[in-house]
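Asker: Can you read through this structure? Questions will come right after.
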Amino acid sequence: MKLFDSHCHLDDRAYDNDILEVVKRMNTAGVAGAMIIGTTLPRSIKAVSLAESFPGLYASVGIHPHDAKSCNEDTLKTLITLAKNPLVHAWGEIGLDFNRMFSPRETQEKWLIRQLEIAAELNLPVIFHERDSNGRLIKILKTHFKNMKSGVIHCFSGNKTELKQYLDFGLYIGITGIVTIKKRGADLRKLVPFIPVDRILIETDAPYLTPAPEKNHTMRNEPAFVRSVLLKLAAVREENPEYLSAKIWDNTCLLYGIETKLTI
């Protein structure tokens, strides 16, 4: 199987001492591609630098809702320049997070809308973060999401109604290691059969959300573990893992505009 971790944070300090080994384990596990997600300006710069350093790694740039309070037009101008790098294939992680409220609601919404405009101008797909926005993200998308390149709902954890709304927007659905967790993933496992096979992505969100069985041995997630997400997803959907992995590989490359030949 050839796998693509559609969302990870290899720029995190957790990998500073062994990034070479992490990438080797990723390749050994059949994970031929990984998207490193930008969340701030410094981390977006680091994501691009890592993508330049290892074959099969790509980057996105953007300002996470947690960090919206530090966003400004100068920061976005620098990110726009960074996005011209040929290894940058998406804008994000952007969105709304009304759970922890590290940035005020109004500030999150302002910079989400501005970044949606930029992504549309650059013709880049969007990586969305949503937590406890109570339908507000969907309302903003109805008015401001004009991106013909579509996007993905990272770490989907919504209900069936929200799933349908996201699919109606043409968005892909990102599934993390939560699907492997017995109690926490119960609701998600009920919903994954309703996701069309051509709209699913798999992701680790590494170093977070370590799947089972790896979580029994380590707290730190890494791209190699996306294989466990794929296997659980295939079991729940009652689909052949090789078939599903091939479909998801194609989905990911299509969304991010990556030529398959580049990562074989």
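Asker: Please work out which residue is nearest to Cys253 (Cα to Cα), limiting yourself to region 197-233 and to residues that are among the acidic types (Asp, Glu) and not in a loop (DSSP other than H, G, I, E, B). It would help to see each step written out before you state the result.
Answerer: Just the residues of region 197-233 that are among the acidic types (Asp, Glu), to begin with: 198, 203, 205, 214, 222.
Filter once more, so that each one left must be not in a loop (DSSP other than H, G, I, E, B): 198, 214.
Details: Asp198: 12, Glu214: 26 Å.
By that ranking, first place goes to Asp198.
Asker: For region 199-230, how many residues are more than 16 Å from the chain's Cα centre (by Cα) and farther than 12 Å from Thr176 by Cα?
Answerer: So the count comes out to 8.
Asker: Do you know which residues across region 144-188 are touching a Lys or Arg at 6+ places or on another chain (Cβ under 8 Å) and part of a helix (DSSP H, G or I)?
Answerer: Answer for region 144-188, where residues must be touching a Lys or Arg at 6+ places or on another chain (Cβ under 8 Å) and part of a helix (DSSP H, G or I): Leu167, Gly177, Ile178, Val179, Thr180.
Asker: A follow-up question, please. Restricting attention to region 7-22, which residues are in a helix (DSSP H, G or I) and either hydroxyl-bearing (Ser, Thr, Tyr) or surrounded by 13 or more Cβ atoms within 10 Å (Cβ to Cβ) (or both)?
Answerer: Those that are in a helix (DSSP H, G or I) and either hydroxyl-bearing (Ser, Thr, Tyr) or surrounded by 13 or more Cβ atoms within 10 Å (Cβ to Cβ) (or both): Ala14, Tyr15, Ile19, Val22.
Asker: Given (1) of a type outside the set (Lys, Arg); (2) surrounded by fewer than 16 Cβ atoms within 10 Å (Cβ to Cβ); (3) under 16 Å from the mean Cα position of the chain (by Cα), identify the lone condition not met by Glu117.
Answerer: Here Glu117 clears every test but (3).
Asker: Which is in contact (Cβ under 8 Å) with a residue 60 or more places away in the chain and over 26 Å from Val88 (Cβ atoms), of Pro241, Pro193?
Answerer: Sole residue among the options that is in contact (Cβ under 8 Å) with a residue 60 or more places away in the chain and over 26 Å from Val88 (Cβ atoms): Pro241.
Asker: Turning to a different aspect of this structure: Can you name the condition, by its number, that Gln108 falls short on among (1) at pLDDT 95 or above; (2) surrounded by fewer than 23 Cβ atoms within 10 Å (Cβ to Cβ); (3) assigned to a helix (DSSP H, G or I)?
Answerer: Exception for Gln108: condition (2).
Asker: If I ask for residues that are polar (S, T, N, Q) and assigned to a helix (DSSP H, G or I), which ones from region 23-73 would you list?
Answerer: Correct list: Asn27, Thr28, Ser44, Ser49, Ser53, Ser70.
Asker: Name the residue that is surrounded by the fewest Cβ atoms within 10 Å (Cβ to Cβ), counting only residues in region 125-150 that are within 15 Å of the chain's Cα centre (by Cα) and closer than 19 Å to Ala68 by Cα.
Answerer: Arg131
Asker: Another question, then. Inspect region 202-220 for any residue being out of contact with any Asp or Glu (no Cβ under 7 Å at 6 or more places or on another chain) and farther than 30 Å from Leu20 by Cα and give the result as yes or no.
Answerer: Scanning region 202-220, I find no residue that is out of contact with any Asp or Glu (no Cβ under 7 Å at 6 or more places or on another chain) and farther than 30 Å from Leu20 by Cα, so the answer is no.
Asker: Inside region 244-258, can you point out the residues that are closer than 21 Å to Val61 by Cα and part of a helix (DSSP H, G or I)?
Answerer: Asn251, Thr252, Cys253, Leu254, Leu255, Tyr256
Asker: Looking at (1) among the charged types (D, E, K, R); (2) surrounded by fewer than 22 Cβ atoms within 10 Å (Cβ to Cβ); (3) on the phi < 0 side of the Ramachandran plot, which is the only condition Lys232 fails?
Answerer: (2)
Asker: If you don't mind, there's one more thing I want to ask. Report whether or not Asn17 is under 19 Å from Pro207 (Cα atoms) and free of Cβ contacts under 8 Å to residues at least 40 places away in the same chain. Give the derivation first.
Answerer: On the way: under 19 Å from Pro207 (Cα atoms): yes; free of Cβ contacts under 8 Å to residues at least 40 places away in the same chain: yes.
So Asn17 fits the description; yes.
Asker: Then there is this: Just the residues that are within 17 Å of Ala83 (Cα to Cα) and at pLDDT 95 or above, please, taken from region 129-155.
Answerer: Passing the criteria: only Gly151.
Asker: Within region 42-92, can you find the residues that are free of Cβ contacts under 8 Å to residues at least 24 places away in the same chain and either among the β-branched types (Val, Ile, Thr) or touching a strand residue (DSSP E or B) at 6+ places or on another chain (Cβ under 9 Å) (or both)?
Answerer: Ser49, Thr81, listed by residue number.
Asker: I'd like the residue in region 187-217 that is touching a helix residue (DSSP H, G or I) at 6+ places or on another chain (Cβ under 9 Å) and of a type in the set (S, T, N, Q) and, out of all such residues, is nearest to Leu3 (Cα to Cα).
Answerer: That would be Thr204.
Asker: Exactly one condition in (1) touching a residue at least 40 places away in the same chain (Cβ under 8 Å); (2) not in a helix (DSSP H, G or I) is not met by Met101; state its number.
Answerer: (1)
Asker: Out of region 93-105, which residues are among the polar types (S, T, N, Q) and either surrounded by 15 or more Cβ atoms within 10 Å (Cβ to Cβ) or closer than 11 Å to Leu76 by Cβ (or both)?
Answerer: Ser103 - this is the single residue of region 93-105 that is among the polar types (S, T, N, Q) and either surrounded by 15 or more Cβ atoms within 10 Å (Cβ to Cβ) or closer than 11 Å to Leu76 by Cβ (or both).
The values are calculated or read from the model by the stated rules, or taken from the named source; none is laboratory data. Keep in mind that what you see is a predicted model, and the values were worked out from it rather than measured. When we count neighbours, we look across all protein chains shown, and the Cβ atoms used for this are built from the backbone with ideal geometry, even at glycine.
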